[in-house]
Amino acid sequence: MRPKQDSAAFARMMAHTDAENNHPQPDDGKIMELDVSKQPFVRVSEVYGRAIKYTRSYGLVEWVDDERAYHVQWFPAGQIKRVDQESWRGRPL
C-alpha cells in the first residue's frame, strides 16, 4: 500500500524552493536555515509569521493569511521585527 501524499506539505516545500531560487540579491551569501525550534515569531508591517531562513541582508518569512493561504517571501532584514508569542497575531502555521 502506498503512503498517503500530503499535498499541503508538498506545496509548502515547493514554495520554499521557489523562494530560495528567487532571492532578491543572489550574491547575499549562503542561505542559512533556522532550526524549527528556533524559528522566531516575527512581524513585517502587517504580516505576522515566522522567520525560517536568512542570508546576510534578508530573512525568509512564512505566514498564513486571513483566507488561510500559505505564503513565503524574502524581506530585507531591517523590516523584520521579532515579537514575543503573546504579541504575535498570526494564524497557526
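Short to long, the 5 Å bins of the Cα pair-distance histogram for the range 54-93 hold 6, 21, 24, 26, 19, 4, 0 percent of all pairs.
Average accessible surface for the chain: 73 Å² per residue, computed with a 1.4 Å probe over protein heavy atoms with every protein chain in place.
Accessible area per residue (1.4 Å probe, heavy atoms of protein chains only) ranks 71, 16, 23 as 71, 16, 23, with the largest value leading.
Under the convention that each Lys and Arg Cβ holds +1 and each Asp and Glu Cβ holds -1, the size of the dipole of the chain around its Cα centre is about 220 debye.
With a 1.4 Å probe and all protein chains kept in place, how do 93, 60 rank by accessible area, largest first?
93, 60
Ellipticity at 222 nm from helices only: DSSP H runs of n ≥ 4 in the chain, each -39500 (n - 2.57), divided by the residue count, give -5500 deg cm²/dmol. Once every Cα of the chain carries one equal point scatterer and solvent is ignored, give the base-10 log of I(q)/I(0) from the Debye formula at q = 0.13, 0.18, 0.21 Å⁻¹, two decimals. Debye output, listed in q order: -0.45, -0.82, -1.07. Calculate what fraction, in whole %, of the accessible area of the chain sits on carbon and sulfur atoms when a 1.4 Å probe is rolled over the protein chains. Carbon plus sulfur share of accessible area: 49 percent. Selection among 17, 41, 70 by position relative to the dipole of the chain gives 41 as farthest towards the positive end (Cβ unit charges, Cα centre).
Over all Cα atoms in the range 1-53, the spread is summed up by Rg and Dmax: 14.2, 47 Å.
The values are calculated or read from the model by the stated rules, or taken from the named source; none is laboratory data. Source: prediction; values computed, not measured. Cβ atoms come from the backbone with ideal geometry, glycine included; neighbour counts cover every protein chain shown. The area values use the complete protein model at the heavy-atom level, side chains included, leaving out ligands, DNA and RNA. Shrake-Rupley method; radii C 1.70, N 1.55, O 1.52, S 1.80 Å.
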